[in-house]
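The values are calculated or read from the model by the stated rules, or taken from the named source; none is laboratory data. No experiment lies behind these values; they were computed from the predicted model shown. When we count neighbours, we look across all protein chains shown, and the Cβ atoms used for this are built from the backbone with ideal geometry, even at glycine. Each accessible area value is taken on the protein alone, full model and side chains, heavy atoms only, with ligands, DNA and RNA left out. Shrake-Rupley method; radii C 1.70, N 1.55, O 1.52, S 1.80 Å.
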Amino acid sequence: MNQRPFLSLSRRQVVRGLLASTAFGVARLAAGCSSSGDTADDAAKDAASTGGDDLVVGFIYVGPKDDYGYNQSHAIGAAAMAKIPGIKIVEEANVPETNAVQETMRSMIELDGAKILFPTSFGYFDPHILQLAEEFPEVQFFHCGSVYDEKVHPSNVGSYFGYIDEAQYIAGIVAGETTKTDKLGFIAAKPIPQVLRNINSFTLGARSVNPKATVQVIFTGDWSLPVKESEATNSMADQSIDVVTCHVDSPKVIMETAEKRGIYCSGYHTDQAPLAPKGYLTGAEWDWSSVYTQYAKDLLGGKTLMDGGIPHLLRGGFSDRFCTLSAYGPAVSEKVQADANAVKEKLIANEMAIYQGEIKDNTGKVQIPSDKKYDQKAIELEQMDWLVDGVDGKVAG
Amino acid sequence: MMQMQSWRKTLEFICIPLGAILAALFAFGIFCAFAGGNPFGVYYSIYRAAFGSWSAFQNTLIRASPLMLSALCTILPARLGLVIIGNEGAIVLGGLGAVAVGLAIQGGAPIIVQLGMALGGMAVGGLWIALVGILRHYRAVNETISSLLMNYIAIALLNQLVEGPMRDPSSLNKPSSYPIADVNMLGNLPGMRVHYGLLFGIIACILAYILIQRTTFGFAARMAGGNLRAAKIAGLPVGKLTIAICFLGGACAGLAGMVEVAAVHGRANISLNSNYGYGGVLVAFVARQNPLAAILVSIMLGGILASAGILQRSHGLPDATALVFQGLVFLSILYSDSLYGRFDFFKERAIATSEV
């Protein structure tokens, strides 16, 4: 039809457009050209006819796929999964945690023929995934961060998450040894257990090599508040804090601000080294590529959640390749790298625990007595509501 | 002759928005070509995804329903000449109020609990926007700025309450209030997967239209909006009118919050803050502050939102594409406002009258 000339023209335009602006999502443009003639119905037919060959896997993100943060980390994992023969990926970004995500899941199942869904945002789980899982018992839903409970949750729901605080602990060691002022900063979204655990692990890591180090915490109050995040970074730099790290959805602004202020920074979620080429020390990254690749192999091998072939609750740290460290930046000396790597090896070999008593919180109360040691699976760690000694900040308010 | 004139006027009201939408589609087609999509395939996909089948249309309606109630929060005060954009805050607090009431009386019969939640949500949302009216009337605080800023206060209040006093301790990583029992949930309209918010929205829009066009209260409000001094001289209680109409607008948005809680989330948490408020402002302006038009505009916006997924998945367009489309449609409709009365074809035939 008359689509051909139009398409070849548009490809050239795309290249030019991309040079002029980076506003468009880059990765999928090329793919878009070839499939642009498709309609929803054709896609449905395709899925029905070719569904036998390719396993269709849907990924849903709450924000943009290029946020240098949480969503990008999952999109990288999805891209790794897409490389596996026999897997076809469909993706949708910027899907809010309302019934909009139910419609997206339904559409992926009904129109694209998705048999596997990875709705990645925490807030998608209850009630949205749980409702759709009841309605589509043959579709498998994998969710990041929730805790699967076989008594109440449908058997076609699985949950996975990583002990990324191991990477934060190592990042803390790097920060603690590199800081010149002994003052570190942690910009966090909300005082929830996952976040507190990262703050505490980072602090414990820093103080294990530098007992004088303190960590100033600022809670911004929400997952994506770039203005507040940049204000917090600036105020930390003003207080002579010289390493900042964070737990927010997109660390982009924090890394850029830290670089501009000439202080060090330590990343989170993905590799942010390109944003701060001078000051980036290291970062706690997710390794969803390895997790998703493993899932893909299991699924292609015919295993399912329903028959128990795939565990409903999947957790892991460094050793199971759920998380990893960013490559060390130029400011990290070889000695520091060696120290950090040594501890990392110990964690992988399970020779040490981060939460080894005695650990006091920052009000002086003993939270973990000296005869106790929590390994990463300990339920107490998932309910953490305190900040460790050395943290300057409060959980409430 | 009168017949003839009103016919042309009606045609103008239909043709100009339609023309605006066509212009926006054309501009969007150019954008898609630049971004690597085939414009005609994209048009067809938007149609299929938004209106192409009963299932797709339900998707559109699901997205449209909160927008109708939310839009009324801007539309009603607009009749009094107030530009209020505090919808988001009223929705968030309405949801919070509904949960508070729902949990307080959860032992009662479901219908009582639901009614209580609706009234609670409406009361809280109404009072919140009434506060804007009070500030406006007694302290001459600009209502647009104050209502916008109050959105942030409302969201902060929601966070504070669900992370503090109202928190369910078992909601570890997403702080939320205690859940509403399943029996007290609103559920969906029979035979559809669309919740009752759609019905409430349509009813509220029709009631708002009757209130404004067919009652003395509405007449008084329109008069005060037209000329405040004249209204005061005529002895109208402008202060009471301002506060009352703000309350009604806020109550509609509060009801939207209640529906989100009672039909979707089942509890109050930060998901209540999902930009239905700002979507409602958009709907109100495109509908030219007409409650009936707001129903249609909501469905149109719902359709655009519903097509966002297909644009990403079938055409590989960036996720912001639907936003670009929405922006183009709304810009061109707002611009088309300035075209009324510009085309001779739609003008009343004054010459004809003089000839007779």
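Here are a few things to note about the model shown:
- Test: residue in the stretch B:326-337 that is part of a helix (DSSP H, G or I), within 14 Å of chain A (Cβ to nearest Cβ), at negative phi and not charged (D, E, K, R): yes
- Index of the failed condition, B:Ala220 passing every other in (1) open to solvent by less than 40 Å² (accessible area, probe 1.4 Å); (2) in contact (Cβ under 8 Å) with a residue 40 or more places away in the chain: (2)
- Only one entry of B:Gly37, B:Gly41, B:Gly52 meets the criterion of being within 12 Å of chain A (Cβ to nearest Cβ) and touching a His at 6+ places or on another chain (Cβ under 6 Å), and that entry is B:Gly37.
- Pairing each residue of the stretch A:215-229 that is open to solvent by less than 30 Å² (accessible area, probe 1.4 Å) with any residue that is among the hydroxyl-bearing types (Ser, Thr, Tyr), provided the two are 6+ apart or on different chains, yields C-beta distances under 8 Å for A:Val215/A:Thr203; A:Glu229/A:Thr220; A:Glu229/A:Thr257.
- Number of positions in the stretch A:96-150 that are part of a helix (DSSP H, G or I) and of a type in the set (Phe, Trp, Tyr): 3
- Helices (runs of 4 or more DSSP H) fully within the stretch B:1-111 counting 3 or more residues that are under 25 Å from B:Asn273 (Cα atoms): B:54-78, B:87-104
- Lone unmet requirement of (1) open to solvent by 10 Å² or more (accessible area, probe 1.4 Å); (2) touching a residue at least 40 places away in the same chain (Cβ under 8 Å); (3) part of a strand (DSSP E or B); (4) in the same structural domain as A:Val244 (by TED's automatic domain parsing) for A:Lys344: (3)
- Residue match in the stretch B:188-196 (condition: open to solvent by 30 Å² or more (accessible area, probe 1.4 Å), within 14 Å of another protein chain (Cβ to nearest Cβ) and aliphatic (A, V, I, L, M)): yes
- Screening B:Ile270 against (1) under 30 Å from B:Pro169 (Cβ atoms); (2) within 14 Å of chain A (Cβ to nearest Cβ); (3) crowded, with 23+ Cβ neighbours inside 10 Å; (4) among the aliphatic types (A, V, I, L, M) leaves a single unmet condition, (3).
- Residues in the stretch B:21-38 that are under 22 Å from B:Ile333 (Cβ atoms) and surrounded by fewer than 22 Cβ atoms within 10 Å (Cβ to Cβ): B:Ile21, B:Leu22, B:Ala23, B:Ala24, B:Leu25, B:Phe26, B:Ala27, B:Gly29, B:Ile30, B:Phe31.
- Scope the stretch A:79-115; condition more than 13 Å from chain B (Cβ to nearest Cβ), within 20 Å of the chain's Cα centre (by Cα) and open to solvent by less than 20 Å² (accessible area, probe 1.4 Å); matching residues: A:Met81
- Residue check for B:Ile84: more than 13 Å from every other protein chain (Cβ to nearest Cβ) and either surrounded by fewer than 19 Cβ atoms within 10 Å (Cβ to Cβ) or out of contact with any Ser or Thr (no Cβ under 6 Å at 6 or more places or on another chain) (or both): no
- Those residues of the stretch A:369-385 which are surrounded by fewer than 17 Cβ atoms within 10 Å (Cβ to Cβ) and either in a loop (DSSP other than H, G, I, E, B) or among the acidic types (Asp, Glu) (or both), in sequence order: A:Pro369, A:Ser370, A:Asp371, A:Lys372, A:Asp375, A:Lys377, A:Ala378, A:Glu380, A:Glu382, A:Gln383, A:Asp385
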